[in-house]
Amino acid sequence: MTRISKAFSKGKAFVAFVTGGDPDIETTEKLVLSMAEAGADIIEIGIPFSDPMAEGIVIQDADERALSAGCTTDKLFGLVKSIRQKSEVPLLFMTYINPIFTYGKERFMKRCGECGIDGIIVPDMPFEEKDELSEVCEAYGVDLISMIAPTSEKRAEMIAREAKGLLYCVSSLGVTGVRKEIGPEIEKLIVTAKTVSNIPCCVGFGISTPEQAAKMAAVSDGVIVGSAIVKIVAEYGRNSVPYVSEYVKSMKAAVGGIK
């Protein structure tokens, strides 16, 4: 059983996102470890990128702060290696296809496998082009996480059937960011996916409150939260660890209470 599959063996999963290197590498490590201790079942680490097309202003700004502070892909590999000496929490990289190709896809996935990354999310790579990475991901034991959205329609079954690790279900159209309301289309999307696969389905984009998390957990296998956490980091910087920890505890409690 992989670390990702173990994360779903005890019930609904809470997946937390943090931008790597914001405000610095040392704080990111403290954040990841504290979130794991606070109940996060899986943690995504965003590789900062100059053109994050799937991200709203909160994560765009975090990417700029991280890059300005000198964050690099190599430093994040070192970060993950250090975390792996202290925690077995499943770790995902969220990145874009350009940084992977610039680094060299074989070299990138080899480093992922060596340091302990369990999966990668590449939102700007269409499912139809996943063969660009799927073979090398498999060679190094890294799950290539697929995404489906309300616009996926008939493609949702095809994507779900071949999904690895978990299926990232985008709750609404547009980029990442906190939203007051999340549309009802996501439940229909998950039902469609479940007709062809038992892959865990996690809902992301826009979730920020325990009430939203509980609502989404009721129709899925887990909830993904990013911008709300990154906003706390933006506000408190190097002092953000206890504030993020308390937030994660409240969100995990909301998700974990759903049967």
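The values are calculated or read from the model by the stated rules, or taken from the named source; none is laboratory data. Note that the structure is predicted; figures quoted are calculated from it, not measured. Note that we place each Cβ from the backbone using ideal geometry, even for glycine, and neighbour counts take in every protein chain shown.
A few remarks follow.
- Residues that are crowded, with 16+ Cβ neighbours inside 10 Å and part of a helix (DSSP H, G or I) within the stretch 83-112 comprise 83, 97, 99, 100, 103, 105, 108, 109, 111, 112, listed in sequence order.
- Test: residue in the stretch 196-205 that is aromatic (Phe, Trp, Tyr) and at pLDDT 90 or above: no
- Inclusion of residue 122 among residues that are under 14 Å from the mean Cα position of the chain (by Cα), within 29 Å of residue 195 (Cα to Cα) and at pLDDT 95 or above is warranted.
- Which numbered condition residue 117 misses (of (1) crowded, with 21+ Cβ neighbours inside 10 Å; (2) in a helix (DSSP H, G or I)): (2)
- Within the stretch 1-34, being surrounded by 18 or more Cβ atoms within 10 Å (Cβ to Cβ) and within 22 Å of residue 167 (Cβ to Cβ) holds for 4, 7, 8, 12, 13, 14, 15, 16, 17, 18.
- Of the numbered criteria (1) within 22 Å of residue 205 (Cα to Cα); (2) at pLDDT 95 or above; (3) not polar (S, T, N, Q), the one residue 149 fails is (2).
- Some residue of the stretch 63-71 being crowded, with 18+ Cβ neighbours inside 10 Å, touching a Gly at 6+ places or on another chain (Cβ under 9 Å) and among the basic types (Lys, Arg): yes
- Selection within the stretch 35-53 - hydrophobic (A, V, I, L, M, F, W, C), closer than 23 Å to residue 97 by Cβ and either surrounded by fewer than 17 Cβ atoms within 10 Å (Cβ to Cβ) or in contact (Cβ under 8 Å) with a residue 60 or more places away in the chain (or both): 42, 53
- A single member of 74, 41, 63, 118 is in contact with a Pro (Cβ under 8 Å, 6 or more places away or on another chain) and farther than 26 Å from residue 5 by Cα, and it is 63.
- The residues of the stretch 124-133 that are surrounded by 15 or more Cβ atoms within 10 Å (Cβ to Cβ) and out of contact with any Ser or Thr (no Cβ under 9 Å at 6 or more places or on another chain), listed by number, are 125, 132, 133.
- All positions within the stretch 38-60 that are out of contact with any strand residue (DSSP E or B) (no Cβ under 9 Å at 6 or more places or on another chain) and at pLDDT 95 or above: none
Here is a yes/no grid of residues against (1) in contact with a Gly (Cβ under 6 Å, 6 or more places away or on another chain); (2) on the phi < 0 side of the Ramachandran plot; (3) part of a helix (DSSP H, G or I):
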{"position": "6", "(1), (2), (3)": "no, yes, yes"}
{"position": "16", "(1), (2), (3)": "no, yes, no"}
{"position": "21", "(1), (2), (3)": "no, no, no"}
{"position": "26", "(1), (2), (3)": "no, yes, yes"}
{"position": "30", "(1), (2), (3)": "no, yes, yes"}
{"position": "33", "(1), (2), (3)": "no, yes, yes"}
{"position": "55", "(1), (2), (3)": "no, yes, no"}
{"position": "61", "(1), (2), (3)": "no, yes, yes"}
{"position": "74", "(1), (2), (3)": "no, yes, yes"}
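- Unmet criterion (only one of (1) in a helix (DSSP H, G or I); (2) closer than 28 Å to residue 21 by Cβ) for residue 254: (2)
- Selection from the stretch 142-160 of residues that are surrounded by 14 or more Cβ atoms within 10 Å (Cβ to Cβ), part of a loop (DSSP other than H, G, I, E, B) and over 17 Å from the mean Cα position of the chain (by Cα): 150, 152
- Scanning the stretch 197-231 for residues that are of a type in the set (Val, Ile, Thr), over 22 Å from residue 163 (Cα atoms) and surrounded by 21 or more Cβ atoms within 10 Å (Cβ to Cβ) turns up 207, 229, 230.
- Scanning the stretch 61-80 for residues that are of a type in the set (Gly, Ala, Ser) and over 10 Å from residue 19 (Cα atoms) yields a count of 4.
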